[in-house]
Amino acid sequence: MKQQFSNKKCTPALLAALLSSFIPLQNAAAQTPSVSVSNTVDPLNPVIVTATRTPTKASDVLADNIYIGPEEIAQAGQTSLVELLQRQRGVEISTQGGAGSNASVFLRGTSGGQSLVLIDGIRTQSSLSGTSAWAAIPLSLIDHIEIIFGPQSSIYGSEAIGGVIQIFTKKGSGPFQAGGSVGYGSYGTSIIEGSIYGSMDGENKTRYSLSASQELSTGFNSVASNNPCNPNQPSSVRSSAYCSAGWSTSRTGYTKDSATGQISQTWAPGQELGAQFLSSRLNNQYPATAYKPDYSDYAVINNRVTTLNTLAAYSKNQMTRIWNSLLQVAVSTDNGQTLAPNSNAVANSKQNIYTWQNDIKLGSDLLQLVAERRVQSAFATSGNISQDQNTNSVAAAYQLKRGSNLASISFRNDNITGYGPQNTGSIAYGYFFTKEWRVNVNHGTAFKAPSFFDLYYPGYGVSSLLPEKSKNTEAGIFYETKSFDARVIAYSNTITNLIQYTSSGCPAGYAFGCAGNVANAKINGISLGSTARLGNYALKASFDQQNPIDQSTGYVLAKRAKQFGNIGVERQSHKLVTGVESTLQGNRTDFDNTGNMSGYALLNLYASYQLEKNISLFARWNNVFNKDYQLSYGYNTPGSNIFVGMRYAMK
């Protein structure tokens, strides 16, 4: 979408000012950095938890993975969580407008519901829709993010076909610290956040953290000119889309209030009790149609209120020298309400999750045994749905490390109400030719249970639906040093029993079609990525070539491109950090191979300056050249937009 910020005189000036700090890269390696590009001890080899449910150095993780650290999140500015994920290798997104709108995240060509989303180890997917409320998750309160690609159902169960995205909120450690930031930018966007965290040392250590944030935005017109409900479309087009009067082209904004917190007590060596929570409330506007008593329609701006909550209490216990236990009780809720002239529909989803994880060290190896029970309940006024579902699971995994050899094997059984047992497994092997060079081979299976809407929505849901299932094989070659890494991964993922709309084979009385296991998908691809540190410079690049095909139609899967990639360069010199990044994505179509969306390239700039020890200024300019592009057919995306602010962080 073309935005109000498009001043042709100031654009070249600001672009030149930010880019002027970059010195030709051939001289970078000869420079001595005055300040480290990253605050992490080893940003190219972080500790990854999600792949194995235990802390493991990235160089020893056999599953393909990405780590997004605190520094990258701090530079995000007005960027939403899904926009940050879009800048990562292997990730595509779709939205229906601005940062508060409905959004989906696609890992390696799989759908938005085929990837598991965890917040501090807790599932967040709605049982009703089978997807996560991405727009309700506050990026400013996130410490770091881990993305694990490939089937992970043998570790986590349902949904983990494309992979797992785990979000970690801030934890307390060290002396008391306080921090906060405030910023303002285009579209009337303001973000304010604050946090306190630390630990109290003594005979028994207490760790604590508490963070809160608020986001406001007046937004922009999300109804694109090619939207069938745009009021400028011919009346016949609008009528066929059931919006004869068209949709409002007014701005649609959002507000979001969020808080997170954690507290833990080490009451004896190796013994810890703790609790953690996240609560976020999103109120988002969106264009829609309402109806008068005579059934004629008119344009309205509706509100959708989404409340996302996670809460957990846990006990970590070192039972013996080789046996560590984690017992956790967690609850996750995704509650939504539509505020509209004709409806105040409610859709509430809740999960109670009870987990007992046991890690047993056997020399340099690790045996992991997990027992889990998940109780899902959901209620929706639309369709009068009130349903429960129980899942009882057991899992075992073995990780082996012998000299230059790494290997893992895992198995999980999920016994789901109405489906019986769902068995998944994976096996992986890695070999270090040298300290830097490694190859991996992985094979695994995964599944996704149908959502409650797919099962029970009147006139659409079919209670006899089968779970979607997948088989994935991949191989990769990795080169890793302290200043440079590169990887190439080739994969082939076959997904059967895809749940889609169909007009055939529906139960009697279903006049408008139903949900059915009517398709299979084949996704072949290659993913390339590299990061490097050259003196004061940090460089990052990725490229994905994939072929995500619906085998029942031969079409490319909706909203997914065959090619996409990212590139970024950051320079830190004394107190000033400057960066430039670009995202590219090829052509896509919307559902049923309709609604062509052209490829695009975006350029973003960012900078921060350390005023003094605890205070810094930051700025970000997204979509510098005001590119008009779409992530869902008929919906605008943000135009050129700027955000500036100040950050306080005790050091």
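The values are calculated or read from the model by the stated rules, or taken from the named source; none is laboratory data. It should be emphasised that the depicted structure is a prediction, and the values quoted were computed from it without experimental measurement. Every residue, glycine as well, gets a Cβ built from its backbone with ideal geometry; the counts of neighbours run over all protein chains shown. These area figures cover heavy atoms from the full protein model, side chains too; ligands, DNA and RNA do not enter into them. Shrake-Rupley method; radii C 1.70, N 1.55, O 1.52, S 1.80 Å.
Quantify, in whole percent, the carbon and sulfur part of the accessible surface of the range 90-166 (1.4 Å probe; protein heavy atoms only). Its accessible area is 43 percent carbon and sulfur atoms. When the residues Tyr629, Tyr510 are ordered by accessible surface, computed with a 1.4 Å probe over the protein chains alone, the sequence from largest down reads Tyr510, Tyr629. Per the Debye formula on identical point scatterers at the alpha carbon atoms of the range 344-399, with no solvent, log10 I(q)/I(0) at q = 0.15, 0.21, 0.23, 0.26 Å⁻¹ is -0.58, -0.78, -0.85, -0.95. Calculated [222 nm] ellipticity per residue, helices only, for the chain: -1000 deg cm²/dmol; basis is -39500 (n - 2.57) per DSSP H run with n ≥ 4, divided by all residues, nearest 500.
Annotation: the range 372-512 has a Kirkwood hydrodynamic radius of 18.5 angstrom, from the mean reciprocal C-alpha pair distance. From the alpha carbon centroid of the range 174-253 to that of the range 342-412 is 30 Å. Going through the cross-link list Lys469/Lys559; Lys435/Lys540; Lys205/Lys575, which pairs have a Cα-Cα distance over 27 Å in this structure? The answer is Lys205/Lys575.
Take every Cα-Cα distance within the range 507-578, group them into 5 Å bins from 0 onward, and report for each bin the whole-number percent of pairs it holds. Bin by bin from 0 Å, the calculated values are 3, 12, 14, 12, 11, 10, 9, 8, 7, 5, 4, 3, 2, 1, 0. A dipole drawn for the chain from +1 and -1 charges on Cβ atoms has a positive end, and of Ala486, Pro287, Trp134 the residue lying farthest that way is Ala486. For the range 366-423, the solvent-accessible area works out to 47 Å² per residue, with a probe of 1.4 Å and every protein chain left in place. The label point for Gln265 and the one for Ile409, both projected 7 Å from the Cα toward the Cβ, are 4.3 nm apart.
Summarising the overall dimensions of the range 221-351 from its C-alpha atoms, the Rg and Dmax are 23.8, 75 angstrom.
Measuring with a 1.4 angstrom probe and ignoring ligands and nucleic acids, Cys506 comes out at about 40 Å² accessible. By a 1.4 Å probe calculation restricted to protein chains, Met319 has an accessible surface near 100 Å², given to the nearest 10. Hydrodynamic radius of the range 583-651 by the Kirkwood approach over all distinct alpha-carbon pairs: 14.4 Å. Per-residue Karplus couplings for the range 250-256, computed as 6.51 cos²θ - 1.76 cosθ + 1.60 with θ equal to phi - 60°, are listed in order as 6, 4, 10, x, 7, 10, 9 Hz, Gly and Pro entered as x. Residues whose amide H falls under 5 Å from that of Gly163, counting only those 5 or more places apart or on a different chain, are Leu116, Gly150, Gln152, with hydrogens built in the peptide plane. At q = 0.17, 0.19 Å⁻¹, what is the base-10 log of I(q)/I(0) for the range 537-651 according to the Debye formula with one equal point scatterer per Cα and no solvent? Please give it to two decimals. The Debye formula, applied to the Cα set alone, gives -0.89, -1.01.
Prolate is the label for the range 138-177, because a/c, from the alpha-carbon gyration tensor with a ≥ b ≥ c as root eigenvalues, is 1.5 or above and a/b exceeds b/c. Counting charges near Leu118 (Lys, Arg +1; Asp, Glu -1) among other residues having Cβ under 11 Å from its Cβ returns a value of -1. When the P(r) of the range 311-376 is calculated, the portion above 19 Å amounts to 53% of the C-alpha pairs. Computed over protein heavy atoms with a 1.4 Å probe, the carbon and sulfur contribution to the accessible area of the range 205-273 reaches 58%. Return the sequence-ordered ³J(HN,Hα) values of the range 262-275 in whole Hz as given by the Karplus equation 6.51 cos²θ - 1.76 cosθ + 1.60 applied to θ = phi - 60°, using x for Gly and Pro. Karplus-based 3J(HN,Hα) across the range 262-275 equals 8, 8, 8, 10, 8, 8, 6, x, x, 10, 9, 10, x, 8 Hz.
Hull volume per residue, based on the alpha-carbon atoms of the range 97-241 and their convex hull, is 156 Å³. Please state, rounded to one decimal and in Å, the Kirkwood hydrodynamic radius that the range 50-149 gives when every pair of distinct Cα atoms enters the mean of 1/r. After inverting the mean inverse Cα-Cα distance, the result is 14.3 Å.
Solvent exposure of Thr249, expressed as accessible area, is near 70 Å², computed with a probe of 1.4 Å over the protein chains only.
Accessible surface comparison of Glu372, Glu436, probe 1.4 Å, protein chains only, largest first: the order is Glu436, Glu372. Placing one equal scatterer on every Cα of the chain and applying the Debye formula, the log10 ratio I(q)/I(0) at q = 0.09 Å⁻¹ is -0.77.
Determine the per residue accessible area of the range 539-595 with all protein chains present and a 1.4 angstrom probe, expressed in square angstrom.
Dividing the accessible area of the range 539-595 by its residue count gives 44 Å².
The residues His574, His144, sorted by heavy-atom accessible surface at 1.4 Å with ligands and nucleic acids left out, run His574, His144 from largest to smallest.
Phi angles of the range 205-221 translate, via the Karplus equation with coefficients 6.51, -1.76, 1.60 and θ = phi - 60°, into HN-Hα couplings of 8, 10, 10, 8, 7, 8, 9, 8, 8, 9, 10, 9, 7, 7, x, 8, 5 Hz per residue; Gly and Pro are given as x.
Near Leu534, the amide H atoms lying under 5 Å from its own belong to Leu539; only residues 5 or more places off or on other chains count, and H is placed 1.01 Å from N. Pairwise Cα separations in the range 258-326 fall into 5 Å bins from 0 onward with the following percentages, short to long: 4, 13, 13, 11, 10, 8, 8, 7, 6, 6, 5, 4, 4, 2, 1.
Report the charge-dipole magnitude of the range 135-283 in Debye, nearest 20, computed about the Cα centre from +1 at each Lys and Arg Cβ and -1 at each Asp and Glu Cβ.
I would put it at about 460 debye.
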